[in-house]
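The values are calculated or read from the model by the stated rules, or taken from the named source; none is laboratory data. Please read these numbers as outputs of a predicted model, since none were measured by experiment. Positions of Cβ are backbone-derived with ideal geometry, glycine not excepted, and every protein chain shown enters the neighbour counts.
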Amino acid sequence: MFEYAPAPESRDIVDIRPSYGLFINGEWVEPQGEERHKTVNPATEEVLAEVAWAGEADVDRAVGAAAKAFPLWSGMPGAERAKYLFRIARIIQERSRELAVLETLDNGKPIRESRDVDLPLVAAHFFYYAGWADKLSYAGFGPDPRPLGVAGQVIPWNFPLLMLAWKIAPALACGNTVVLKPAETTPLTALAFAEICRQADLPPGVVNIVTGAGETGAALVAHPGVDKVAFTGSTEVGRHIARSLAGTRKKLTLELGGKAANIVFEDAPIDQAVEGVVNGIFFNQGHVCCAGSRLLVQESVAADLLEALKRRLGTLRLGDPLDKNTDIGAINSAEQLAKIRELSEAGEAEGAERWSPACPIPDRGYWFPPTLFTGVAQSHRIAREEIFGPVLSVLTFRTPAEAVEKANNTPYGLSAGVWTEKGSLMLWMASRLRAGVVWSNTFNRFDPASPFGGFKESGYGREGGRHGLEAYLAV
Ligand code: TAP
């Protein structure tokens with residue numbers, strides 16, 4: 001255990017208010033109820049700000065504002081909407097350092113990731129969909145695709161601003177207006193985005209941000225004025241939402257959990273594969289829906305790969321997320337830490353062997369060391385359930401067919417990785433893996449032009465690319 005001295009870079013460039021209201025109709029407004037919640041820095045447990053808790057009446061006000069703004073926004077020529085989206089993208093670039101620090105403070109992810117991965121992708125998403133706004137008639141959905149109306153969007157805490165961009169950019173490009181609810185533990189970058197909407201002179205009501213807990217999300221999803229629901233989060237909540245919307249006119253897309261296999265064949269370059277496996281599961285502390293949380297390694301190279309992997313894990317630095325040298329940041333919340341601990345204990349209890357490098361853990365905050373489990377059976381909970389933390393379950397296989405069978409032996413189907421030098425084997429695997437994304441000789445690579453989404457219980461609908469427009473158009 002140790003106390004770290006906070007990195008010198010840091011808080012000075014962000015301006016966090018002590019308390020935030022709701023962003024409705026282009027204004028900051030107070031919620032009708034008294035209740036508020038605190039958002040904390042998971043690396044220090046320090047309270048960052050108090051945030052409004054939107055109840056049904058507040059959600060109703062936000063949906064009303066979005067409905068009122070819809071005729072203006074949807075009636076605007078696409079080229080005009082594009083100008084706003086380009087402006088938002090440029091402001092995000094200009095403010096990216098500040099937004100990266102804010103994200104890291106509220107979420108716990110290493111600054112190197114928020115600065116070099118999240119923020120560039122957020123801006124890229126707005127640029128990409130700005131480019132579509134005046135070309136919707138050429139997107140292959142018929143000559144005159146129409147926006148749906150008010151989109152109710154609910155997002156999780158693992159990539160707060162990036163998930164916002166995935167939701168808001170295509171919705172606005174297509175002419176919809178939006179009410180978005182960020183996760184309870186990471187509202188600050190969504191609230192900063194509200195300011196960016198004002199800075200970009202976005203017409204009032206086109207984007208509304210309501211903060212709160214699950215009940216706020218539930219009120220938004222249930223609101224009769226919402227025409228389209230877009231949800232990213234757990235499979236459990238997604239299932240509940242799908243049930244609640246059955247028989248209504250609302251269009252629904254779901255981006256849910258995952259239990260991806262990262263599959264290493266004996267001919268793969270070991271060092272490159274080790275980097276890919278580390279990036280696959282330890283990026284963002286494993287708080288990644290498409291994390292490579294199951295390593296499937298060919299038996300003939302398993303011992304060598306594990307040895308190299310353990311050596312590499314010994315070099316990872318866990319600690320202050322604002323330090324540019326940090327590899328593993330904080331776990332986002334006490335609840336998430338408890339879940340990771342519970343599943344890791346279940347792994348040991350079911351007979352798998354647990355290993356972590358010697359890794360000092362700070363005294364305060366929520367932390368979990370990078371962890372490997374070997375001797376994992378497919379029936380173990382750590383091989384079946386999404387841990388959403390820095391925990392890798394290692395299994396072995398002998399033949400490509402066995403690799404496919406094991407990789408597909410999960411209710412999820414979001415992503416997979418294949419490491420081999422043989423192009424024919426890559427393609428053979430990719431055509432058999434039941435996963436929305438299959439990476440080859442890389443992992444966790446994202447591009448706004450590429451559709452992303454799940455098979456099976458990982459959800460339906462696609463975000464990103466031309467396919468991502470379809471979720472927001474009547475085609
Ligand atoms: P959830 O607990 O499902 O929460 C997601 C969002 O839904 C939060 O904003 C949450 O609010 C809200 N919510 C909770 N109950 C709700 C209800 N009954 N009705 C409407 N909204 C409700 O997930 P999480 O723990 O934040 O995120 C982790 C999960 O998201 C993982 O399973 C991960 O795989 C998945 N995920 C998937 C993807 C893609 S692209 N497939 C991307 C990122 C994450 P509160 O935060 O206030 O509870």
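Checking each residue in segment 213-230 for being among the acidic types (Asp, Glu) and near the ligand (Cβ under 8 Å from one of its atoms) picks out only 215. Among the criteria (1) crowded, with 22+ Cβ neighbours inside 10 Å; (2) among the basic types (Lys, Arg); (3) in contact with a Gly (Cβ under 9 Å, 6 or more places away or on another chain), the one residue 146 does not fulfil is (1).
From 280, 233, which residue is out of contact with any Lys or Arg (no Cβ under 6 Å at 6 or more places or on another chain) and more than 8 Å from the ligand (Cβ to nearest atom)?
On the way: 233 fails: more than 8 Å from the ligand (Cβ to nearest atom).
Going through 280, 233 in turn, just one is out of contact with any Lys or Arg (no Cβ under 6 Å at 6 or more places or on another chain) and more than 8 Å from the ligand (Cβ to nearest atom): 280.
The sole residue among 155, 168 that is within 15 Å of residue 231 (Cβ to Cβ) and within 14 Å of the ligand (Cβ to nearest atom) is 155. Of all residues in segment 170-197, those that are without any contact (Cβ under 8 Å) to a residue 12 or more places away in the chain have Cβ atoms under 9 Å from Cβ atoms of residues that are crowded, with 24+ Cβ neighbours inside 10 Å, 6 or more apart or on another chain, in 195/23. Residues of segment 125-132 include at least one that is within 16 Å of the ligand (Cβ to nearest atom) and in contact (Cβ under 8 Å) with a residue 24 or more places away in the chain.
Among strands (runs of 3 or more DSSP E) entirely within segment 296-398, having at least 3 residues that are surrounded by 15 or more Cβ atoms within 10 Å (Cβ to Cβ) singles out 371-374, 391-397.
Each row is one residue, and each column tells you yes or no for (1) under 29 Å from residue 159 (Cβ atoms); (2) of a type in the set (S, T, N, Q); (3) more than 16 Å from the ligand (Cβ to nearest atom).
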{"position": "249", "(1), (2), (3)": "no, no, yes"}
{"position": "256", "(1), (2), (3)": "yes, no, no"}
{"position": "259", "(1), (2), (3)": "yes, no, no"}
{"position": "263", "(1), (2), (3)": "yes, no, yes"}
{"position": "270", "(1), (2), (3)": "no, no, yes"}
{"position": "291", "(1), (2), (3)": "yes, no, no"}
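Starting from segment 401-419, take each residue that is closer than 17 Å to residue 298 by Cβ and list its partners that are aromatic (Phe, Trp, Tyr) and surrounded by 24 or more Cβ atoms within 10 Å (Cβ to Cβ), counting only C-beta distances under 8 angstrom and pairs at least six apart or across chains. Hits for this filter: 417/443. Of 407, 416, all but one fail to be over 19 Å from the mean Cα position of the chain (by Cα), outside any loop (DSSP other than H, G, I, E, B) and surrounded by 17 or more Cβ atoms within 10 Å (Cβ to Cβ); the exception is 407.
Collect the residues in segment 90-100 that are of a type in the set (A, V, I, L, M) and surrounded by fewer than 23 Cβ atoms within 10 Å (Cβ to Cβ), keeping them in residue-number order. Give the derivation first.
Filtering segment 90-100 down to residues of a type in the set (A, V, I, L, M) leaves 91-92, 99-100.
Of everything in segment 90-100, just one residue is of a type in the set (A, V, I, L, M) and surrounded by fewer than 23 Cβ atoms within 10 Å (Cβ to Cβ), namely 91.
Residues are listed down the side, and each one gets a yes or a no for (1) at pLDDT 95 or above; (2) aliphatic (A, V, I, L, M); (3) within 28 Å of residue 390 (Cα to Cα); (4) out of contact with any strand residue (DSSP E or B) (no Cβ under 7 Å at 6 or more places or on another chain):
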residue	(1), (2), (3), (4)
222	yes, yes, no, yes
226	yes, yes, no, no
236	no, no, yes, yes
257	no, no, yes, yes
267	yes, no, yes, yes
282	yes, no, yes, no
